[in-house]
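The values are calculated or read from the model by the stated rules, or taken from the named source; none is laboratory data. Because the structure is a prediction, the values reported are computed rather than measured. Every residue, glycine as well, gets a Cβ built from its backbone with ideal geometry; the counts of neighbours run over all protein chains shown.
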Amino acid sequence: MNVRIADPAFIFLTSGKIKSHFYVSVVSNEPNFIEFFTSMKTFDKELSPNPSTIQLFAIHNEKNLTLKFVTQRGLFINIVSLYGSSKLILENEPNDSYNLRGRDDQLSLAIPYYEGSTPTLLIENLNYKEQSEDDYYSEDENENEKPGFAFYIEYYLRSFKLISMK
């Protein structure tokens with residue numbers, strides 16, 4: 001399969017067969033930095049990302065996804081939207097919400113550690129819609145496979161020490 005895209009910031013591919021493979025070749029006329037991230041479709045509603053590595057997530061036919069950061073330290077989180085839009089809420093700050101609207105929209109959060117709790121980010125898929133039985137038998141199978149919201153995230157543990165600038 002040859003795919004030629006004028007704006008290759010995000011390519012969404014599906015493979016229907018478990019034992020199938022695909023080959024990706026990137027040719028650029030510019031000295032670009034090229035990153036390749038893969039993700040497998042899961043049906044989990046709660047996940048724990050790894051620290052200091054970029055991870056790709058997609059919310060398919062679900063309304064919400066919960067990210068639990070298993071740590072007893074503060075965090076610095078970077079989130080970049082690849083597809084769709086979402087509403088994000090920190091569990092310990094339910095009155096504040098943040099929105100990501102479309103590709104390349106991004107958000108950086110500095111989250112303090114709250115004694116006795118795990119930092120948790122609630123992500124609402126704003127493209128979610130209840131599917132009828134007709135949607136499951138749509139002629140356009142690719143439309144059913146697209147995520148409602150796709151994004152990548154990386155986070156870093158914050159230091160316990162605060163540096164004084166004197």
Only one of (1) modelled with pLDDT of 90 or more; (2) under 21 Å from residue 51 (Cα atoms); (3) of a type in the set (S, T, N, Q) does not apply to residue 85, and that is (2)
Matching residues in segment 47-100 (touching a residue at least 60 places away in the same chain (Cβ under 8 Å) and farther than 19 Å from residue 148 by Cα) number 13
For segment 64-82, the count of residues that are modelled with pLDDT under 90 and surrounded by fewer than 15 Cβ atoms within 10 Å (Cβ to Cβ) equals 2
